[in-house]
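Before any comments, here is the structure.
We did not get these values from a lab; they are worked out from the coordinates using the rules stated. Quick caveat, the model's predicted, so the values are computed rather than measured. Please note: Cβ atoms are built from the backbone with ideal geometry, for glycine as well, and neighbour counts cover all protein chains shown.
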Amino acid sequence: MPTSLGRPAVVILLPATEVGPVSDELRAGGFDPLPVADAREMAALLDAKRDVAVAVIDLEGSPSNGHSAWSVLHRGRRRVPALLVVNASALDRISGDEETREDDEYLTRPYSAESIRWRVEAMCIRSIAVDDGSGPVLQTSIETADWSRRGQLLAVFNPKGGVGKTTLAMNLSASLTAKGRGVLLVDADTVTGHVSTSLGMEGVATVVDAWRDEPDGGPVLTFDELASVHSSGLKVLALSSSPIHTEVLEPQRVAGAVTVARRHVDYVIVDLHPSYSPLNRALFDRSDRILVPVTPDLPAIRAVIQLRDVAEELGMRDRLSLIVNRANSGVSVADLEKAIGMPSYAQIRSDGLLLVKAANEGRTAVEMAPREKIVQDFNTLADRIMGLPEPEAAKSQLRLFGRTVSARA
Ligand SMILES: Nc1ncnc2c1ncn2[C@@H]1O[C@H](COP(=O)(O)OP(=O)(O)O)[C@@H](O)[C@H]1O
Ligand SMILES: [Mg+2]
């Protein structure tokens, strides 16, 4: 079944009249629908195929059939979440039913095919969040799925504040957007983040707001659905608008949601808080590239040298890309590269006046002054990111450089 490669499989046990529309809808949503006729067929299919993400099961037909299909999902060490379809009138009977598991959900008739697709997607997202590590089968199927692989995840990080992380994240996002790429900019700096306000977007939804509403029956939304769209077309989402209400931001759940968001855009760009928090480390793990802005001053250089060593220990040094910010202010780029022991990936010159003006207008410099030199620097960086032939090529280049440096030392 070559077409099913990389698409999360959803096994379906529904009455004949419902199978068609539900399958079509799931297929359109990037899933691989696998209809079965009864519990035995479901058991055979699960034995043959290990990466079933969700099972949709009718509990109303022949009662023994739906229930035995359900029990097949939990046979041995198997754990496939179920979306159980029932008639609305059956809800009373079900509330006393102890049998279902935490990750099962009910859907009542009448339902739309679209609502099944939406629920299945939410269950996939939630299961990444809930059993990171303990649910390798499901997680693998989502991680390797084409539908979540589409965009690149770029983190912008330096453990020091004030070096231009947010400036870089915003203007690179704007540049890629202007070049026709779909971009989701995530403000993951829950302490000093100000992306939304800098872009003149007030009172927008945040991940914390959405996730705090979930226990009260609020919908489970993807980051793409939660994001607000800036007038430039850039999608923007902040994790939180307050530094003190961040308990719901479970690092693995955030990282999982960011990973899933790549399905909808070409680039997810995450602006990080300057720290080695569990959240940041979870995001590093999922990032294709970590853009590290550095300014030509000693504290910033020291911070990057520390980051280089930490990255080595975490096995992610080959994903660091050094961006020299305020590149034209005194220290030569060559000296900076030598001091840090890494080549620069791009350079951004200094232009404080334009950046302040842009912030005052709630726009990026890229949007406001496309002809300015600093904007051309951002565009050059965007081109480089877009034009990468293969991530592997960039990696081996960096590794080569690493050897040269250690040989010299
Ligand atoms: N290339 C640059 N030229 C001039 N000013 C800059 C440049 N990059 C950043 N800045 C200014 O430096 C300050 C800190 O930048 P910011 O992006 O908020 O850093 P961080 O997110 O790392 O804390 C801001 O006032 C910003 O306008
Ligand atoms: Mg910042």
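Can you pull a Stokes-Einstein diffusion coefficient for the range 150-408 at 25 °C (0.890 mPa s), Rh from Kirkwood over Cα pairs, as a whole number of µm²/s? So the translational diffusion coefficient is about 132 µm²/s. Between Val310 and Ser228, the modelled labels are 3.0 nm apart [label points 7 Å from Cα along Cα→Cβ].
Summarising the amide proton neighbourhood of His264: residues at separation of 5 or more, or on other chains, whose placed amide H is nearer than 5 Å comprise an empty set. Once the Cβ-Cβ distance of Arg79 and Ser115 is raised to the sixth power relative to R0 = 30 Å, the FRET efficiency obtained is 0.80. Taking a straight line from the alpha carbon of Lys179, these lysines sit under 20 Å away, with near neighbours fewer than eight places off in the same chain left out: Lys235, Lys373. Modelled spin-label separation between Arg40 and Ile244, with each label point placed 7 Å from Cα along the Cα-to-Cβ direction: 6.3 nm. What is the log10 of I(q)/I(0) for the range 203-298, computed with the Debye formula using one identical point scatterer on each Cα and no solvent, at q = 0.13, 0.16, 0.18 Å⁻¹? At q = 0.13, 0.16, 0.18 Å⁻¹ the computed log10 ratios are -0.49, -0.74, -0.92. Compactness of the range 321-385 is given as radius of gyration and Dmax, 12.9, 38 Å, from Cα positions. What FRET efficiency do you get for Ser89 and Arg281 if R0 is 56 Å and r is their Cβ-Cβ distance, rounded to the nearest 0.05? Computed FRET efficiency for Ser89 and Arg281 comes out at 0.70. Our coupling estimate for the range 21-26, obtained by passing each phi through the Karplus curve with A = 6.51, B = -1.76, C = 1.60 and θ = phi - 60°, is x, 5, 4, 4, 5, 5 Hz, Gly and Pro reported as x. Distances between placed amide hydrogens fall under 5 Å for Val85 paired with Ile57, Asp58, Leu59, Leu107, all partners being 5 or more residues away or on another chain.
The label-point distance for Lys49 and Lys338, in a model that sets each label 7 Å from Cα toward Cβ, rounds to 6.0 nm.
So for the range 151-200, Kirkwood radius off the Cα pairs, Stokes-Einstein at 25 °C and 0.890 mPa s: how many µm² s⁻¹? In µm²/s, the coefficient is 210.
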